[in-house]
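A short reminder: the numbers here are calculations on the coordinates, not readings from a lab. What you are looking at is a predicted structure, and each value in this text was computed from that prediction instead of being measured. We place every Cβ from the backbone using ideal geometry, glycine too, and count neighbours over all the protein chains shown.
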Protein chains: 2
Amino acid sequence: MAALEAHFSQLLGRQGILTDPTAMEPYVSSWRDNWRGRVPAVLRPASTGEVAAVVRECRNLGLSIIPQGGRTGVTGAAQPRMDRDEVIVSLERMDGILEIDTDNDTMTVEAGCILGRLREAAAEVGRLFPLNFGAVGSCQIGGNISTNAGGINVLRYGNTRNLVLGLEVVLADGRVWNGLRGLRKDNAGYDLKQLFIGAEGTLGIITKAVLRLEPHPRGGALSFVALREPADALRLLRRAKDTFADNLVTFELLQQRCVDVTLEHLREGEGPRPGVAPWYGLVEVAGQEDDSLYGDAMQRLLENALETGEILDARLAASGRQAQAIWRLRESIPEAHNRLGFSVKHDISLPVSKIPAFLDEAETALRAEFPAIEMFTFGHLGDGNVHFNPLIEARGGDVLDIRRRVNAIVHDLVIANGGSVSAEHGVGQVRLAEIERYRAGVEVDLMRAVKSALDPWNIMNPGKVLRERAAR
Amino acid sequence: MAALEAHFSQLLGRQGILTDPTAMEPYVSSWRDNWRGRVPAVLRPASTGEVAAVVRECRNLGLSIIPQGGRTGVTGAAQPRMDRDEVIVSLERMDGILEIDTDNDTMTVEAGCILGRLREAAAEVGRLFPLNFGAVGSCQIGGNISTNAGGINVLRYGNTRNLVLGLEVVLADGRVWNGLRGLRKDNAGYDLKQLFIGAEGTLGIITKAVLRLEPHPRGGALSFVALREPADALRLLRRAKDTFADNLVTFELLQQRCVDVTLEHLREGEGPRPGVAPWYGLVEVAGQEDDSLYGDAMQRLLENALETGEILDARLAASGRQAQAIWRLRESIPEAHNRLGFSVKHDISLPVSKIPAFLDEAETALRAEFPAIEMFTFGHLGDGNVHFNPLIEARGGDVLDIRRRVNAIVHDLVIANGGSVSAEHGVGQVRLAEIERYRAGVEVDLMRAVKSALDPWNIMNPGKVLRERAAR
């Protein structure tokens with residue numbers, strides 16, 4: 001241990017290594033779901049060269065590596081396990097914005113940059129970096145890329161994968177792959193960056209990236225609508241797509257319970273909601289025209305939807321403050337939910353067309369086994385991604401057993417409907433069993449072939465995404 | 001040979017195998033650049049099961065496989081070499097459209113579907129499948145995916161990679177990977193489909209795909225502008241992006257010579273061009289509003305660009321017929337070019353910001369060695385992709401040597417400017433040397449690791465993308 005400290009201090013300097021348990025505490029634990037473990041050291045390299053040196057040294061010492069960003073994930077991908085030969089490699093000291101090219105509409109950054117800071121830097125030169133979600137103020141772009149983060153603008157701009165043009169990666173053998181190209185078209189061989197995007201640090205450590213920037217929207221409109229049922233939300237989504245096409249940036253679906261408890265949590269009374277209804281939709285458009293153009297078009301869309309009975313009621317945010325109140329409500333749902341007690345959380349995706357039937361089927365199947373279960377569903381309907389987080393009375397029951405049974409019911413139905421058990425959060429440690437169950441056979445074999453090809457020593461975040469085999 | 005025929009006839013039926021040299025002729029040759037070779041048989045499986053059976057049989061017989069689509073490529077990726085143990089596996093009989101889901105905005109298709117037919121089927125239900133380029137009437141979607149095809153709408157909709165949600169692939173071991181998921185978000189493990197997109201058939205045979213559909217635009221506008229120099233085109237691109245954002249679907253740059261010879265070839269006199277100028281731009285917008293809205297906005301944009309001197313002159317297509325004439329001109333450039341004699345063609349990409357300086361530098365460097373060289377440049381400026389195809393007097397010279405020298409000058413400069421030697425055409429056989437030269441070391445090692453992991457027997461399109469090593 002002292003030897004280890006001496007070793008890495010020499011490589012990284014005093015600032016580059018933490019071994020004090022109190023100092024390491026935030027690095028070895030998670031903000032949600034109590035993922036935690038132990039490591040002998042947290043390493044904090046300040047350059048790509050230092051990351052590469054760390055990887056080579058770890059291989060020599062027989063240590064595995066947990067690459068770590070802003071620790072805002074919810075799957076345990078960035079947390080250590082207990083009593084393993086692992087160290088954390090935090091990218092937090094590599095937080096430079098290296099270049100902004102306003103003609104190429106790209107930004108070259110280090111992996112440890114906070115997402116919110118990148119968005120601000122882009123806005124300062126009149127550009128948008130579209131990735132956005134609750135953790136924007138603390139998540140790091142390296143982690144966003146490693147988990148192929150989703151969020152609230154995927155409908156228009158795609159997942160993180162779609163926003164990355166180039167990468168620099170330190171490989172398991174300690175070599176550096178320089179794929180930092182700012183190109184929109186590049187078919188000169190396999191598109192290697194795709195391997196590392198969404199690989200949760202199991203194939204290498206992302207150290208730098210070239211990101212796409214978009215023109216910054218000049219105007220937009222936001223509406224909050226009351227709905228009878230999810231099938232109506234689908235009709236409204238169709239209408240919004242046909243009307244706005246790419247200017248439609250967000251289409252969220254919220255169950256009444258989510259809105260009720262969040263308004264209560266925020267002590268907001270009726271807040272910005274358009275009356276009491278079983279479901280709500282949140283529709284946002286943005287583009288290069290003035291607010292008034294989008295406001296008028298949204299107004300017409302809502303009137304037509306009211307006439308046909310697709311929606312029960314609607315509020316069009318008339319000011320930035322009203323829009324903020326609606327977003328605050330939306331973003332506070334997970335926090336309000338966490339205070340309600342035991343729930344089983346799912347981050348699932350389905351073909352958009354299958355969501356209404358799935359929500360019915362899943363509720364029926366769950367109620368048959370858990371009569372007192374309470375549905376709590378919200379998410380990104382436009383992307384086919386819902387956070388399906390039912391609350392269950394767990395007193396006297398075995399929490400792990402309940403979670404296992406609920407997961408099986410929900411995920412079996414998701415797979416039967418052509419869906420995925422992880423839409424945007426990734427696998428980490430929490431979905432290892434599901435990967436083995438639902439993607440067994442050819443798909444898991446392919447993933448293992450890729451892992452073995454890129455990390456034959458199994459030192460890059462082992463036991464994440466793919467379960468470790470008995471013999472290592 | 002007779003044994004081979006008997007073998008595969010039993011697997012695929014009489015329709016499933018060609019061995020007659022005349023019948024095989026179109027399959028073993030190319031429409032451009034004379035890629036050709038010999039094979040003992042062309043196999044034409046009619047189902048995924050038959051493709052899998054073919055792969056297993058080929059492995060048993062020690063035969064390699066060249067997966068083949070519509071043969072519209074220009075790199076020799078789909079053509080056989082001479083006197084190798086290879087067969088062609090054509091997907092042309094697998095041309096079904098299996099499902100169109102208008103709520104999920106997806107289409108599930110077999111690999112042998114002609115791109116134009118898919119676009120029509122999408123249009124019939126009010127949707128757009130955005131991929132589009134000259135070969136639309138004969139290229140197949142499996143080939144489009146395998147080459148990550150680009151084309152004229154990449155600026156708005158991305159490359160083919162961005163339009164694929166799911167794949168079914170027959171692997172080198174004859175197993176079928178079913179990744180036919182129609183999901184916009186799926187982070188349950190590695191995104192395996194990314195491996196096969198753009199791999200030119202070297203990692204497996206794509207048999208089916210789930211494709212993204214978009215709302216069909218209702219209106220648009222097209223303008224043809226006269227420009228002094230590429231730097232002005234960049235200024236106009238900026239203006240168009242800021243004005244239209246995602247509604248900007250095309251931004252092409254054409255050198256005067258391209259327009260001159262194509263109008264001559266088409267016997268069109270002055271055609272639709274806005275006067276004689278050193279460069280031209282082609283700007284198209286499309287979206288959910290009426291033609292008149294986009295026409296007015298384009299008119300204002302052109303007026304402002306004229307005032308500031310960014311453009312010399314402009315024509316706004318006032319009718320569908322005028323737009324067709326402009327597109328006909330654009331699409332006929334390669335054909336007109338091919339009739340001019342010897343040229344050295346490059347499909348290069350660069351950061352958009354670097355293109356004007358690159359065009360100057362490349363011309364200067366080439367002229368120093370080839371005083372009579374004539375520039376012939378056109379392409380997709382908005383994507384940073386130009387077809388840089390200078391004409392050279394090759395009489396008395398060694399054509400291969402000239403090509404090698406021109407390639408080295410152009411590609412060295414491309415790489416020095418952070419670009420790629422293949423933007424949208426791929427590697428095939430034509431860019432093998434460039435891959436070894438410019439992506440040597442870590443990048444080629446990574447590609448080889450992926451190839452070995454997925455095709456350890458090297459039976460999937462060997463000698464394409466990556467040069468075969470001496471020992472096999």
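Measuring between alpha carbons in the structure, the pairs from A:K208/B:K354; A:K185/B:K451; A:K354/B:K185; A:K185/B:K354 lying more than 18 angstrom apart are A:K208/B:K354; A:K185/B:K451.
How charged is the neighbourhood of B:I206? Take every other residue with its Cβ under 11 Å from the Cβ of B:I206, and add Lys/Arg as +1 and Asp/Glu as -1. Charge balance in the 11 Å sphere: -1. Gain on full extension, evaluated as 0.36 nm per residue between B:D83 and B:W31 minus their Cα-Cα distance, stands at 16.6 nm. The distance linking the stretch B:367-412 with the stretch B:85-157 is 32 Å (Cα centroid to Cα centroid, whole angstrom).
Where the only charges are on Cβ atoms (+1 Lys, Arg; -1 Asp, Glu), what is the dipole of the stretch A:144-303 about its Cα centre, to the nearest 20 debye?
Values: 19 positive and 21 negative charges, 115 e Å.
Computed about the Cα centre, the dipole is about 560 debye.
In this Cβ point-charge picture (+1 for Lys and Arg, -1 for Asp and Glu), chain A has a dipole of about 1000 debye about its Cα centre.
Which net charge results when you count Lys and Arg as +1 and Asp and Glu as -1 among the other residues whose beta-carbon is under 13 Å from that of B:R228? Let's see the in-between values first.
On the way: positive: B:R235; negative: B:E229, B:D232, B:E310, B:D313.
Around B:R228, the charge tally is -3.
Modelled spin labels at B:D445 and B:N338, positioned 7 Å past Cα toward Cβ, are 4.2 nm from each other. Counted over the stretch A:394-467 with a bin width of 5 Å, the fraction of Cα pairs per bin, in whole percents, is 3, 14, 20, 23, 17, 10, 8, 3, 1, 0. Can you tell me what percent of all Cα-Cα pairs in the stretch B:241-360 are more than 22 Å apart? That fraction is 42 percent.
Below 11 angstrom from the Cβ of B:G112, what's the summed charge of the other residues (Lys, Arg +1; Asp, Glu -1)? Provide the component values of the computation, followed by the final result.
Values: positive: B:R44, B:R93, B:R117, B:K208; negative: B:E92, B:D95, B:E110.
Value of the local net charge: +1.
Using the number of other C-beta atoms within 10 angstrom as an exposure proxy, rank B:S29, A:S319 with the fewest first. Fewest-to-most Cβ neighbours within 10 Å comes out as A:S319, B:S29.
This ranking places B:E57, B:E424, A:E307 by how few other beta-carbon atoms lie within 10 Å of each, fewest first, which gives A:E307, B:E57, B:E424. Just so you know, the Rg over Rh for chain A is 0.98, from Cα atoms, with Rh as the Kirkwood radius.
By counting other Cβ atoms within 10 Å of each Cβ, how are A:D105, A:D246, A:D20 ranked from fewest to most? It would help to have the intermediate numbers written out before the result.
Details: A:D105 25, A:D246 22, A:D20 9.
Arranged by neighbour count, lowest to highest, A:D105, A:D246, A:D20 become A:D20, A:D246, A:D105.
What whole-number distance in Å separates the alpha-carbon centres of the stretch A:300-344 and the stretch A:247-284? The stretch A:300-344 and the stretch A:247-284 have Cα centres separated by 3 Å.
For A:E307 and A:E120, a Förster radius of 51 Å and the Cβ-Cβ distance give a FRET efficiency of 0.75, rounded to the nearest 0.05. In this simple spin-label approximation, B:E361 and B:D412 carry label points 7 Å from Cα along the Cα→Cβ vector, and these lie 1.2 nm apart.
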